[in-house]
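Everything below concerns the one structure shown next.
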Amino acid sequence: MNEQNIHPTLFTYNSLLNGLVGSSFIESAERVFVAMKEGRIKPDVVTYNTLIKGYCKIGKTRKATEMVREMEVINLEPDVVTYMTIMQACYSEGDVDCCLSLYHEMEDKGFQVPSHCYTLLICGLCKTGKVLEAYALFENMLRNGCKGNKAVYTALIDCYGKSGNSDGALRLFERMKMDGIEPDEVTYGAIVNGLCKSGRVEEALGYFRFCNENAVVVNAVFYSSLIDGLGKAGRVDEAEKVFDEMAEKGCLPDSYCYNALIDGLCKCGRIDDALVLFKRMECDGCEHTVYTFTILISELFRVHRNEEAVKMWDLMIDKGITPNVACFRAFSIGMCLSGKVARACKVLDELAPMGVVLETAYEDMIGALCKAGRVKEACKLADGIVDRGREIPGKIRTVMIHSLRKAGNADLAIKLMHSKIGIGYDRMRSVKKRVKFQTLVDN
DNA sequence: TTAGGGTTAG
């Protein structure tokens, strides 16, 4: 046996490292890595890439990036795999800017940019709604000899649809087929969603029929878009039919489907049917979500069933569902307009210790009151907010001015702009004369 | 021995 067979080779080390990283034994991998650096066989680019993958896998993208710098220090050139590993991690974290800068770095270094790199960039840009940049990169991708793929086309189609350009989406759809890429249920889902969002429900139904006739199995995402589109177009009876049909076809409605139908029923004034479906949702084993509650709370307030709306809110909190900004907006606006401004503020205070911070809450409440012409109550609320030191007076003042202007009350907005209301009160809340908002409507 | 993507909501 020669020496090479007795001692572990670089290949052995790297394989060992890969196994450890694959099982998320990162600390053991680090020990092996240190041993390599101190030993006879020095780490190579594969060693580094493997460890970088390990860091990315456990969410330590920063540490992974530091490893690249370490490579540069020892004159070990990072390769395409190094860049792609980190880019994949950035993509998973939703950091498209990081992906872009890695891409530019690769280009600067003269690397052959892999097709998957373009895929990640285009999908990332589409997710953030940057349709033009995404399309420009798509053209780059083709120019550089890469072929379009299902994910790229679907992401672009979805992004075009969401930006209100369904015609652009349909053109890409045709191009995709010409390119020899077969659309699947996800692609059709994106098409249907885009069409529904721009009110082209009839065409969406056409694609639905096409899928049914051509053995394209429609999934719950597709159904939810269609149910939502039909409901928003006031065709809730058809939405109900589609909803029932999906279960018959063995596709269980998920919370998106329930919420879309509940919303459609509300929009058609069938709140009681919506409440029945709300109960059925739970019985069918489908969890209520913050969206379910938001839809129902808004609608109950809208039809002045205020008590029930409040009960709905309490039920949500009892169930441990955390309200988001939109949900609290629906609740607080309803409360303000039904004259319970103080109660809405109290609820907001109670949410803070639960770790729920709703940044625009006061703006929404002041805005709703101004819009309803209830400026006096808006002023009282504004004073209350400043009294409790919840916001700096200057910000509340700006909010009031914007709200008044938006509500068409330009006279009061100008009066507030030129007055000293809210000013003269410093951030340290030392006692200083402060002119109350209330004085705006007192005389 | 090292990198893999896309669709749903007020």
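Bear in mind these aren't lab numbers, they're just calculated from the coordinates by the rules spelled out. From a predicted model like this one, the values you see are computed outputs, not experimental measurements. Every residue, glycine as well, gets a Cβ built from its backbone with ideal geometry; the counts of neighbours run over all protein chains shown.
Filter the cross-link list A:Lys53/A:Lys127; A:Lys127/A:Lys162; A:Lys346/A:Lys415; A:Lys130/A:Lys197 down to pairs whose alpha-carbon distance in this structure exceeds 21 Å.
On the way: A:Lys53/A:Lys127 24 Å; A:Lys127/A:Lys162 10 Å; A:Lys346/A:Lys415 30 Å; A:Lys130/A:Lys197 18 Å.
Pairs exceeding the cut-off: A:Lys53/A:Lys127; A:Lys346/A:Lys415.
Residues of the range A:7-22 with amide nitrogen under 15 Å from the 7 Å Cα-to-Cβ point of A:Ala35?
A:7-21
Based on other C-beta atoms within 10 Å, arrange A:His116, A:His418, A:His304 from fewest to most. Write down the numbers at each step before the final one.
Details: A:His116 15, A:His418 8, A:His304 12.
By the 10 Å Cβ count, ascending, the order reads A:His418, A:His304, A:His116.
Using θ = phi - 60° and the Karplus form 6.51 cos²θ - 1.76 cosθ + 1.60, what ³J(HN,Hα) does each residue of the range A:174-179 get, whole Hz, x for Gly and Pro?
Those phi angles translate into 5, 4, 4, 5, 4, 6 Hz.
With label points built 7 Å along Cα→Cβ from the Cα atoms of A:Phe210 and A:Lys319, find their separation and express it in nm.
3.7
For chain A, what mean projected area does the convex hull of the alpha carbons give, in nm²?
Details: hull surface 125.4 nm².
Averaged projected hull area, Cα only: 31.3 nm².
Roughly what angle does helix A:306-318 make with the longest principal axis of chain A, taking Cα atoms, 0 to 90 degrees, to the nearest 10?
For A:306-318 against chain A, the angle is about 30 degrees.
Provide A:Phe243, A:Phe278 in ascending order of the number of other Cβ atoms located within 10 Å of each residue's Cβ, fewest first. Present the calculation step by step, with values, prior to reporting the outcome.
Numbers: A:Phe243 23, A:Phe278 19.
The fewest-first ordering by Cβ neighbours comes to A:Phe278, A:Phe243.
Determine, for A:Cys266, A:Cys336, A:Cys286, the number of other Cβ atoms within 10 Å of each Cβ, and report the residues in order from fewest to most. If you can, show how the numbers build up before the last one.
Working: A:Cys266 22, A:Cys336 26, A:Cys286 18.
The most exposed by this proxy come first: A:Cys286, A:Cys266, A:Cys336.
Quick one: Karplus J couplings for the range A:195-206, per residue in order, coefficients 6.51, -1.76, 1.60, θ = phi - 60°, nearest Hz, x for Gly and Pro?
Along the range A:195-206, the couplings run 4, 4, 5, 9, x, 8, 5, 4, 5, 4, 4, x Hz.
What is the extension gain from A:Leu16 to A:Ala326, computed as 0.36 nm multiplied by their sequence separation minus the C-alpha to C-alpha distance, in nm to one decimal? All intermediate terms of the calculation are to be shown ahead of the outcome.
Working: separation 310, 0.36 × 310 = 111.60 nm, distance 5.00 nm.
Result: 106.6 nm gained on full extension.
In nm, give the distance between the simple-model label positions of A:Arg62 and A:Ser92, each being 7 Å from the Cα along the Cα-to-Cβ direction.
Between A:Arg62 and A:Ser92, the label points sit 1.8 nm apart.
What's the extension gain from A:His104 to A:Leu252 if we count 0.36 nm per residue and subtract their Cα-Cα distance?
Fully extending the segment from A:His104 to A:Leu252 adds 48.8 nm.
For A:Ala342 and A:Thr398, calculate 0.36 nm times their separation in residues minus their Cα-Cα distance, and state this gained length in nm to one decimal. Could you put the intermediate results ahead of the total?
Values: separation 56, 0.36 × 56 = 20.16 nm, distance 2.15 nm.
Result for the pair: 18.0 nm of gain on full extension.
Output the 0 to 90 degree angle, nearest 10, between the alpha-carbon long axis of helix A:61-73 and the longest principal axis computed from the alpha carbons of chain A.
For helix A:61-73, the angle is close to 40 degrees.
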